[in-house]
Amino acid sequence: MKDKNIKDLVATLLQVQKQEDMLDLLKGLLTLGELEEIARRLQIVKLLKAGMSQREIAEKLKVGIATITRGSKEIKQGRFSKI
């Protein structure tokens, strides 16, 4: 992926101010499956930060431990500090 394209995506997302406009943009850019996967990954991060165990998250969200472990590693590297 080109860094310029990613920066353009981020700039575009930051311009959207209304929730319904953001949802419209995301539905236009992503398939329903992609949108659901991103939303699920966000929930994984939030549940990890709330102290829920990886096993509990896997059962609750019906995801594999590897997906949760990836989120956990990203948290340990300092990502998601604003969530």
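Results, tabulated for the structure shown:
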item	result
Distribution of pairwise C-alpha distances over the chain, 5 Å bins, in %	3, 13, 19, 19, 21, 16, 9, 1
Percent accessible area from carbon and sulfur atoms, the chain, protein chains only, probe 1.4 Å	54
Accessible area per residue, Å², the chain with all protein chains present, probe 1.4 Å	82
Spin-label model distance (nm) - Glu36 vs Asp24, 7 Å beyond Cα toward Cβ	2.5
Tilt relative to the chain, helix 3-15 - C-alpha long axis, 0 to 90 degrees, to 10	90
In the chain, lysine pairs with alpha-carbon atoms under 20 angstrom apart (chain gap of 8 or more, or interchain)	17
Estimated 222 nm signal from helices in the chain, with DSSP H stretches of n ≥ 4 weighted -39500 (n - 2.57), rounded to 500	-23500 deg cm²/dmol
Candidates per trypsin sites (Lys or Arg not before Pro) in the chain, loop by DSSP, up to 12 other Cβ within 10 Å	Lys2, Lys18, Lys62, Arg79, Lys82
Förster-model FRET efficiency, 35 Å R0, Val10 and Ala66, C-beta, rounded to 0.05	0.85
Magnitude of the charge dipole, the chain, Cβ model with Lys/Arg +1 and Asp/Glu -1, debye to 20	440
Contact order relative to length of the chain, as percent, for alpha carbon pairs under 8 angstrom and 6 or more apart	19
Derived scalar couplings ³J(HN,Hα) [segment 26-37; Karplus, 6.51 cos²θ - 1.76 cosθ + 1.60; whole Hz; x for Gly, Pro]	5, 5, x, 8, 10, 6, 4, x, 5, 5, 5, 5
Lys2 versus Ser53: modelled label distance in nm, points set 7 Å from Cα along the beta carbon direction	4.8
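The values are calculated or read from the model by the stated rules, or taken from the named source; none is laboratory data. This is a predicted model, so every value here is computed, not measured. A quick note on method: Cβ atoms are made from the backbone with ideal geometry, for glycine too, and the neighbour counts reach across all protein chains shown. Protein only, heavy atoms only, side chains kept; ligands, DNA and RNA dropped before computing areas. Shrake-Rupley method; radii C 1.70, N 1.55, O 1.52, S 1.80 Å.
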